[in-house]
Amino acid sequence: MPPAKFAALSRLLIDLGFTMRVDPTFIRFDNTEANAWFLFPPYDEDEEVMISDLVGTRYALDMKGFLPRDQFEERLRRNLVAG
(Lines give C-alpha, C1' and ligand atoms only; values in the text may rest on other atoms or scores of the structure.)
Protein backbone atom coordinates (compact mmCIF):
# COMPACT_ATOMS: atom_id res chain seq x y z
CA MET A 1 0.00 0.00 0.00
CA PRO A 2 1.46 3.38 -0.92
CA PRO A 3 1.91 6.04 1.76
CA ALA A 4 -0.89 8.55 2.28
CA LYS A 5 -1.20 11.83 4.12
CA PHE A 6 -3.85 12.21 6.81
CA ALA A 7 -5.60 14.92 4.78
CA ALA A 8 -6.31 12.37 2.02
CA LEU A 9 -7.63 9.79 4.47
CA SER A 10 -9.83 12.28 6.32
CA ARG A 11 -11.27 13.58 3.03
CA LEU A 12 -12.09 10.00 1.99
CA LEU A 13 -13.90 9.30 5.27
CA ILE A 14 -15.81 12.60 5.17
CA ASP A 15 -16.82 11.91 1.56
CA LEU A 16 -18.21 8.58 2.77
CA GLY A 17 -20.45 10.33 5.29
CA PHE A 18 -18.31 10.29 8.42
CA THR A 19 -18.02 13.27 10.75
CA MET A 20 -14.72 14.18 12.35
CA ARG A 21 -14.09 15.11 15.97
CA VAL A 22 -10.65 16.35 17.00
CA ASP A 23 -9.36 16.04 20.54
CA PRO A 24 -5.80 16.75 21.73
CA THR A 25 -5.20 13.01 22.18
CA PHE A 26 -7.15 11.49 19.25
CA ILE A 27 -9.15 12.08 16.08
CA ARG A 28 -12.43 10.22 15.74
CA PHE A 29 -14.60 9.69 12.67
CA ASP A 30 -18.20 8.60 13.19
CA ASN A 31 -21.02 7.44 10.97
CA THR A 32 -23.96 7.09 13.33
CA GLU A 33 -26.33 5.68 10.69
CA ALA A 34 -24.05 2.70 10.12
CA ASN A 35 -22.85 2.50 13.73
CA ALA A 36 -19.26 2.76 12.47
CA TRP A 37 -16.31 4.71 13.82
CA PHE A 38 -12.54 5.07 13.49
CA LEU A 39 -10.09 6.33 16.09
CA PHE A 40 -6.68 7.70 15.07
CA PRO A 41 -3.79 9.34 16.87
CA PRO A 42 -3.69 13.13 16.53
CA TYR A 43 -2.18 13.26 13.02
CA ASP A 44 -1.39 16.60 11.39
CA GLU A 45 -3.01 17.06 7.97
CA ASP A 46 0.31 16.70 6.14
CA GLU A 47 1.52 13.77 8.26
CA GLU A 48 1.87 10.30 6.75
CA VAL A 49 -0.62 7.81 8.16
CA MET A 50 0.80 4.63 9.71
CA ILE A 51 0.36 1.64 7.42
CA SER A 52 -1.50 -0.22 10.18
CA ASP A 53 -4.12 2.57 10.28
CA LEU A 54 -4.52 2.48 6.49
CA VAL A 55 -4.87 -1.30 6.36
CA GLY A 56 -7.35 -1.36 9.25
CA THR A 57 -9.42 1.42 7.73
CA ARG A 58 -9.45 -0.25 4.30
CA TYR A 59 -10.57 -3.54 5.87
CA ALA A 60 -13.32 -2.00 8.01
CA LEU A 61 -14.71 0.12 5.16
CA ASP A 62 -14.94 -2.99 2.99
CA MET A 63 -16.52 -5.13 5.72
CA LYS A 64 -19.11 -2.45 6.60
CA GLY A 65 -20.02 -1.98 2.90
CA PHE A 66 -18.77 1.61 2.58
CA LEU A 67 -16.06 1.05 -0.01
CA PRO A 68 -14.77 -2.12 -1.68
CA ARG A 69 -11.20 -2.94 -0.76
CA ASP A 70 -9.96 -2.61 -4.34
CA GLN A 71 -11.26 0.99 -4.56
CA PHE A 72 -9.67 2.24 -1.32
CA GLU A 73 -6.20 2.97 -2.69
CA GLU A 74 -7.59 4.60 -5.83
CA ARG A 75 -9.73 6.96 -3.75
CA LEU A 76 -6.74 7.83 -1.55
CA ARG A 77 -4.64 8.60 -4.64
CA ARG A 78 -7.36 10.87 -6.04
CA ASN A 79 -7.54 12.75 -2.74
CA LEU A 80 -3.75 13.17 -2.67
CA VAL A 81 -3.81 14.70 -6.14
CA ALA A 82 -6.83 16.89 -5.38
CA GLY A 83 -5.53 17.93 -1.97
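Condition (residue is in a loop (DSSP other than H, G, I, E, B) and either over 19 Å from P3 (Cβ atoms) or among the aromatic types (F, W, Y) (or both)) applied to region 43-53: is it met by at least one residue?
Of the residues in region 43-53, the ones in a loop (DSSP other than H, G, I, E, B) are 43-47, 49-50.
Now restrict to residues that are either over 19 Å from P3 (Cβ atoms) or among the aromatic types (F, W, Y) (or both): 43.
Yes, because at least one residue in region 43-53 is in a loop (DSSP other than H, G, I, E, B) and either over 19 Å from P3 (Cβ atoms) or among the aromatic types (F, W, Y) (or both).
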Self-check item: The lone exception for M20 - which of (1) free of Cβ contacts under 8 Å to residues at least 40 places away in the same chain; (2) surrounded by fewer than 13 Cβ atoms within 10 Å (Cβ to Cβ) it fails
Solution: (2)
Self-check item: Failed item in (1) surrounded by 12 or more Cβ atoms within 10 Å (Cβ to Cβ); (2) aliphatic (A, V, I, L, M); (3) in contact with an Asp or Glu (Cβ under 7 Å, 6 or more places away or on another chain), with M1 passing the rest
Solution: (1)
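Output the residues belonging to region 73-83 that are surrounded by 12 or more Cβ atoms within 10 Å (Cβ to Cβ) and either at pLDDT 95 or above or of a type in the set (G, A, S) (or both). Steps first, please.
Let us first name the residues in region 73-83 that are surrounded by 12 or more Cβ atoms within 10 Å (Cβ to Cβ), namely 73, 75-80, 83.
Selection gives G83 alone.
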Practice problem: Determine if region 35-47 includes at least one residue that is touching a Phe, Trp or Tyr at 6+ places or on another chain (Cβ under 7 Å), of a type in the set (S, T, N, Q) and either surrounded by fewer than 12 Cβ atoms within 10 Å (Cβ to Cβ) or at pLDDT 95 or above (or both). | Solution: no
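Look at V49 and say whether it is touching a residue at least 40 places away in the same chain (Cβ under 8 Å) and out of contact with any helix residue (DSSP H, G or I) (no Cβ under 9 Å at 6 or more places or on another chain).
Details: touching a residue at least 40 places away in the same chain (Cβ under 8 Å): yes; out of contact with any helix residue (DSSP H, G or I) (no Cβ under 9 Å at 6 or more places or on another chain): no.
Judged against the criteria, V49 is not a match.
The values are calculated or read from the model by the stated rules, or taken from the named source; none is laboratory data. Bear in mind that the values here come from a model prediction, so they are computed numbers and not experimental data. Note: ideal-geometry Cβ built from the backbone for every residue, glycine included; neighbour counts use all protein chains shown.
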